[in-house]
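The values are calculated or read from the model by the stated rules, or taken from the named source; none is laboratory data. What you are looking at is a predicted structure, and each value in this text was computed from that prediction instead of being measured. Virtual Cβ from ideal backbone geometry, glycine too; neighbours counted across all protein chains shown.
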Amino acid sequence: MYHHVKKLMYTVNIGEPDPRFGNMLLEQFGGANGELAAAMQYSIQGFNCEDAARKDLLMDIGTEELSHLEVVGALIRMHLKPMKSDRAAAEVDPLVSIAGGGGVALVNSVGDAWTADYLKITGDLSVDLRSNIAAEARAKIVYERLINFTDDPGSKEALQFLMTREITHMRAFTAALDTMGKAQFSIGLIAPTPGLVSQFFNDSTGEEGEGESDLAGPILKAAKLEAVDSPIFDGKGLDITPTEPVANSEQTSKFDSAPVGATHRSNGSKASKKAASHRS
């Protein structure tokens with residue numbers, strides 16, 4: 001149940017309105033890394049989550065993001081206000097000033113409409129938590145850039161608050177993932193192919209500068225990956241051996257997705273036999 005309290009989570013005060021900056025702020029209202037996208041992503045993940053503790057976390061953060069949307073909306077409205085009556089200000093963005101009346105619109109900073117395609121929801125909790133950590137990181141860097149593009153103290157203070165909360169949420173999502181007890185690269189239920197999973201396909205050649213083929217060497221060593229030459233240059237290529245995935249073959253967390261594979265194949269096999277019997 002949602003209840004609107006007629007008070008901003010962070011009180012917003014600005015000095016001189018800046019319509020151009022207000023237009024930039026739309027990125028965090030209706031953009032891919034904005035507050036509405038975050039609120040919807042975390043809330044829908046929460047609706048689908050079967051683990052009580054992590055569901056609570058997702059719903060709390062999703063709800064806070066709606067409060068952030070309100071703060072961003074207030075900032076935008078204040079900065080765009082001159083668009084309602086001043087021709088020069090209106091020309092900053094005719095879509096906002098003419099079609100939207102100089103108010104907040106569900107678009108990003110270049111006028112692209114918000115879309116649910118922004119949301120990353122897979123139904124696998126560990127995968128979704130990784131997406132959320134990345135989403136908070138992207139939002140943090142956008143807020144940092146916005147802070148650098150305004151001289152208004154009140155705007156800077158509000159944006160500093162919002163930026164800080166992104167780090168708070170990153171910490172919460174990281175802890176939620178870590179406490180699932182899964183190995184770092186344990187995704188889903190079917191284990192990757194041995195050997196192949198540790199091979200890195202060297203797809204670049206050249207000399208000096210960025211063309212050196214072994215520049216990634218230290219990274220590969222840290223990742224315990226073996227560089228494999230491209231078959232285009234008479235290399236052996238990747239060691240690809242066809243495998244039959246086996247259900248429940250990877251150690252997973254009890255919070256992970258429901259097992260898939262063997263049970264489904266078994267059911268399918270029975271259905272096929274039944275269909276064959278019916279045809280005969």
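Which one of these does Ser186 not meet: (1) assigned by TED's automatic domain parsing to the domain that holds Glu50; (2) under 22 Å from the mean Cα position of the chain (by Cα); (3) hydroxyl-bearing (Ser, Thr, Tyr)?
The number of the failed condition is (1).
For (1) without any contact (Cβ under 8 Å) to a residue 60 or more places away in the chain; (2) more than 28 Å from Thr11 (Cα to Cα); (3) of a type outside the set (A, V, I, L, M), each residue gets a yes or a no:
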| residue | (1), (2), (3) |
| --- | --- |
| Lys84 | yes, no, yes |
| Val92 | no, no, no |
| Thr115 | yes, yes, yes |
| Ile121 | no, yes, no |
| Asp128 | no, yes, yes |
| Ala134 | yes, no, no |
| Lys140 | yes, no, yes |
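Just a yes or no: is a residue in segment 232-252 in a helix (DSSP H, G or I) and modelled with pLDDT of 60 or more?
yes
Within segment 1-39, track down each residue that is free of Cβ contacts under 8 Å to residues at least 60 places away in the same chain, hydrophobic (A, V, I, L, M, F, W, C) and not assigned by TED's automatic domain parsing to the domain that holds Leu69.
Passing the criteria: Met1, Val5.
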